[in-house]
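The values are calculated or read from the model by the stated rules, or taken from the named source; none is laboratory data. Just so it is clear, the model here is predicted, and its values are computed rather than measured. Cβ placement follows ideal geometry from the backbone for every residue including glycine, while neighbour counts extend to all protein chains displayed.
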Amino acid sequence: MRGNREIDERFDFFKATEGALTYLKTLYEEFRSWPLAMAAYNTGEVRIRREVALQRTSDYFHLDLPLETERYVYKIAVAKIILSDPKKYGFSLDENQLYDALQFERVQIELSVPLPIIDVASAIGVYYKDIKEMNFHLTGDAIPSRVQTLNLPPGSSEQFWTFLKDWKKTCPPKKNDRR
């Protein structure tokens with residue numbers, strides 16, 4: 001995942017989730033044990049390799065690991081068990097107690113120069129804050145050049161594409177661009 005002063009993809013819900021799951025799968029393929037994979041995700045794969053070699057066991061339940069790591073693995077297991085059947089464990093939530101589902105449209109754009117977020121917000125009739133809250137991965141005031149994924153309010157993508165087409169015609173050229 002990219003991370004610099006303009007963008008930090010660790011804060012892109014979709015990319016971060018996909019990255020975490022890919023990494024966890026890689027750890028599982030190496031350790032062939034979900035508890036060891038989760039422990040490695042928490043404390044680092046190098047630490048788990050070292051502890052397995054030092055303690056001469058690859059059985060998670062017989063390894064002496066940092067307390068935080070041991071708690072982490074059990075918390076994940078407990079959360080999975082409870083979420084699979086919340087009522088069985090005495091948990092029930094009314095619909096009005098739940099967070100609203102994230103609602104937005106994802107668009108992929110290619111920019112030769114940065115696009116000010118305020119221009120996007122104005123073009124689609126929302127506030128700058130709305131765009132920033134949907135796009136935590138954008139750390140600056142502009143959408144960086146290159147290929148980017150942008151989250152927009154539901155129903156605004158058509159308006160955005162119209163704006164972007166016009167903006168690209170009038171945007172300042174890239175420094176090395178010969179228009």
Check your understanding: What pairs can you find where one residue is in region 65-88 and assigned by TED's automatic domain parsing to the domain that holds Glu51 and farther than 25 Å from Gln55 by Cβ, the other is part of a helix (DSSP H, G or I) and at pLDDT below 95, and their Cβ atoms are less than 7 Å apart, with a gap of 6+ or different chains?
Key -> Ile82/Tyr89
Exercise for review: Please list, ordered by first then second residue, the pairs with beta carbon atoms under 7 Å, 6 or more apart or interchain, first in region 92-120 and assigned by TED's automatic domain parsing to the domain that holds Phe160, second outside any strand (DSSP E or B) and among the charged types (D, E, K, R).
Suggested key: Ser112/Lys174; Ser112/Asp177; Val113/Lys174; Pro116/Asp141; Ile117/Lys132; Ile117/Asp141
Point to revise | Matching helices (runs of 4 or more DSSP H) fully within region 76-179 where at least 1 residues are exposed (fewer than 10 other Cβ atoms within 10 Å of the Cβ), out of contact with any strand residue (DSSP E or B) (no Cβ under 6 Å at 6 or more places or on another chain) and at pLDDT below 90 | key: 157-170
Check your understanding: Within region 39-60, which residues are surrounded by 13 or more Cβ atoms within 10 Å (Cβ to Cβ) and of a type in the set (A, V, I, L, M)?
Key -> Ala39, Ala40, Ile48, Val52
